[in-house]
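What follows is a single structure, written as structure tokens, with notes after it.
Computed from the coordinates by the stated procedures, all read-outs in this text should not be read as laboratory data. What you see is a predicted model, and the numbers here were worked out from it, not measured in a lab. Because the Cβ atoms are built from the backbone with ideal geometry, glycine has one as well, and the counts that use them run over all protein chains shown.
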Amino acid sequence: MSNSEIYHNPEARAWKYTYDTDIRLAQAFHRRLPGYQESPLVPLPELAEQLGIRAVFVKDESSRLGLPAFKILGASWGTFRAVAEQTILPLDSSLEELASAAHRVNTVLFAATEGNHGRAVARMGKILDVPVHIFMSRFASRETCQKIESEGAHVTVTVVAGTYDDAVTKAYDESRRVPNGLLIQDNAFEGYERVPAWIVEGYSTLLVEVEQQLQHQGLEASTIVTPIGVGSLGHAVVAHCKSGGKHINVLTVEPENAACLHHNLKAHKWFTIETSATIMNGLNCGTVSPISWPVFVKGVDASITISEVECHNAIQYLNAHGVNSGPCGAASLAAVRKGATIDPKATGLAEDAVVVLLSTEGARNYPIPRSCADLIKRRP
Ligand SMILES: Cc1ncc(COP(=O)(O)O)c(C=O)c1O
């Protein structure tokens, strides 16, 4: 393995991010949602010892507001802000006030998704009791469609003939055809930037929780590892890590088959890549959200890609250590394991490191990667 497998930007350490809005509003809103609780921060002392670092923790997002992924944090705040703007409500309004304002103007929510985001928007539709239209690519599994539909009779799921990008275009077009249709999308595109920016703000709650959970143990994170799809979560991670006087290292991770940020960073240029199938469905994105790209260029310390097998092995490890983690979530562990063998310094794994792995989703079914399946078959 050569160092070229890691992108490293030593200048990112000192870079400063300044929030242009008050993210405490998002935290206060999340606390008003039914069933809000901090997600667990689980220590992995054995892994810290193996890596030769001070501590490793996993932020376990397998049960966030009753859903098996972190996405509801962004989708809920994005929906709240969009409906509040549409109905001219103040940002400290209650959910009841929001729901009755949405009814008054017949709000309809739209989104395109690979799965978790769409289910989160569908859940917000249920909370507000408004219709939701979700669009998915032709790669969508029946199981994923059913999970979104399980949010209730107010949800319609449509599978389009094309890719995820085609599903986004369809969702956008449909949202504009309906009076008071609102597209709640987590990736920005030309002319559509405000809702994705609110979704990024919504994810900050997860990072503030991490900070407070570590503070209770007298610790501070030195490295946070985040999976990247379109990059909205990663954007929130960089913002947190490089603001308020903090200089926390950010290590991003993507599947080898869909490493849009990694390739963009290496080329120092924003462009779309071709992706192919991966068990890390939520990370299968070919274009970094354009509002997040400038933040990544300045603020990502290191970026790494992982194989399907490395991801599968990381899932097995986490599950064996009591952490309920699916493919996108376990990618963070696979990244530090790989980083430790290639270049521990560049990946933020110094001896005194306190590393936080964001495990963004709980366990789910996925096809066992081929080389692992072959090994299992060959066993006597
Ligand atoms: C479980 C999971 N983890 C991580 C991500 C990546 O988040 P983002 O697309 O904001 O980069 C996604 C995106 O859908 C996801 O579903």
(request) Starting from the coordinates of the alpha-carbon atoms of the stretch 155-256, obtain the Kirkwood hydrodynamic radius over all distinct pairs and give the value in Å to one decimal. (result) 15.9
(request) Just the number, please: Stokes-Einstein D of the stretch 72-127 in µm²/s, Kirkwood Rh from C-alpha pairs, 10 °C, 1.306 mPa s. (result) 139
(request) Let me have the 222 nm mean residue ellipticity of the chain computed from DSSP H runs of 4+ only, each contributing -39500 (n - 2.57), with the sum over all residues rounded to the nearest 500. (result) -13000 deg cm²/dmol
(message) Need one number: % antiparallel among DSSP beta bridges in the chain, to the nearest 5.
(response) 20
(request) Among the aspartates and glutamates, select those whose C-alpha is under 18 Å from the C-alpha of Lys266, and discard any that sit fewer than 8 residues away in the same chain. (result) Glu5, Glu11, Glu254, Glu256, Glu274, Asp301, Asp343
(request) Please report Ile273, Ile134, Ile248 as a ranked list, fewest other C-beta atoms within 10 angstrom at the top and most at the bottom. (result) Ile273, Ile248, Ile134
(request) Enter the angle in degrees (range 0 to 90, nearest 10) between the Cα long axis of helix 116-128 and the first principal axis of the Cα atoms of the chain, meaning the one along which they spread out most. (result) 40
(request) In debye, nearest 20, what is the charge dipole magnitude of the stretch 72-185 about its Cα centre with +1 on Lys and Arg Cβ and -1 on Asp and Glu Cβ, if you could check? (result) 200
(request) Let me know the whole percent of all Cα-Cα pairs from the stretch 15-70 that are separated by more than 16 Å. (result) 63
(message) How large is the direction-averaged shadow of the alpha-carbon convex hull of the stretch 72-185, in nm²?
(response) 6.3
(message) How tilted is helix 72-87 with respect to the longest principal axis of the chain? Cα atoms for both, answer in degrees (0 to 90, nearest 10).
(response) 30
(message) Could you compute Rg(Cα) / (2.2 N^0.38 Å) for the chain, with N its residue count?
(response) 0.94
(request) Could you list the trypsin sites (Lys or Arg not before Pro) in the stretch 4-81 that lie in coil according to DSSP, counting only those with at most 12 other Cβ atoms within 10 Å of their Cβ? (result) Lys16
(message) As I understand it, the dipole of the chain uses +1 on the Cβ of Lys and Arg and -1 on the Cβ of Asp and Glu, about the Cα centre. Which of Ile148, Leu109, Leu214 lies farthest toward its positive end?
(response) Ile148
(request) Can you give me the P(r) profile for the stretch 1-103? Cα pairs, bins 5 angstrom wide beginning at 0, each as a whole percent. (result) 2, 9, 13, 13, 14, 15, 12, 9, 6, 5, 2, 0
(message) Is there a quick way to get the dipole size of the chain? I mean about its Cα centre, with the Cβ of Lys and Arg at +1 and of Asp and Glu at -1; what is the value in debye to the nearest 20?
(response) 360
